1. Can you name every residue in segment 98-129 that is modelled with pLDDT under 90, under 13 Å from the mean Cα position of the chain (by Cα) and part of a strand (DSSP E or B)?
2. Against the conditions (1) over 16 Å from the mean Cα position of the chain (by Cα); (2) exposed (fewer than 12 other Cβ atoms within 10 Å of the Cβ), where does residue 45 fall short? Just the number, please.
3. Within segment 130-150, track down each residue that is under 20 Å from residue 18 (Cβ atoms), modelled with pLDDT under 95 and in contact with a strand residue (DSSP E or B) (Cβ under 6 Å, 6 or more places away or on another chain).
4. May I ask you to verify whether residue 64 is farther than 15 Å from residue 113 by Cβ, modelled with pLDDT under 95 and over 18 Å from the mean Cα position of the chain (by Cα)?
5. Mind checking which residues of segment 5-60 are without any contact (Cβ under 8 Å) to a residue 40 or more places away in the chain, touching a helix residue (DSSP H, G or I) at 6+ places or on another chain (Cβ under 9 Å) and not in a strand (DSSP E or B)?
6. When you look at residue 75, is it farther than 28 Å from residue 150 by Cα and either at pLDDT 90 or above or surrounded by 13 or more Cβ atoms within 10 Å (Cβ to Cβ) (or both), yes or no?
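The values are calculated or read from the model by the stated rules, or taken from the named source; none is laboratory data. What you see is a predicted model; the values in this text were computed from it and never measured. A quick note on method: Cβ atoms are made from the backbone with ideal geometry, for glycine too, and the neighbour counts reach across all protein chains shown.
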C-alpha cells in the first residue's frame, strides 16, 4: 500500500576500467575523477591514480533511494569521468543515463576505455541494450577522448 516509502537500488555507475595514454605511451600517476549526480538529489565523487601501465579503475557505485517510487519522478544519472593533465580536465566519459538499473550498453563501454590524451574530444553514438529485460537495441550518446574498436560512431568533433 505504501510502496512509495520503500527504497529501490539505483545503479549510478557500473565498473570502470580503462587505460590512459599519451601518443600510445602509458601515463603514470594521473588523477582520474568520477563524478555522479542522481537527479540532483545524490551527488558522489571519487578519484584514483593511473598505474605504471596507465591503467585505472573504479568499482560499481549504487545507492538506495525512494525517488524512483515517487509519482512523476524521472530517474537519470549524470556521469562525468575526467583526467587532470597539465592542469586541464580531459573528458573520458560524459553522459546522462536514464533509469535505475545498470545499462548493459554503458557497462560495456565503461569496462573497456582506451583514452589517449592526444585524441580530440568527440560526441559519439553507440547502440546496445538499455536493460537486461529488453532484447532490442537503443541508441545512446556520450562525450569522450577515449576510443573503442566497435560500436563507436563519431557524430561531432568538439573544441576543448
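1. Of everything in segment 98-129, just one residue is modelled with pLDDT under 90, under 13 Å from the mean Cα position of the chain (by Cα) and part of a strand (DSSP E or B), namely 98.
2. All conditions are met except number (1).
3. 140
4. yes
5. 39, 41
6. In short, yes.
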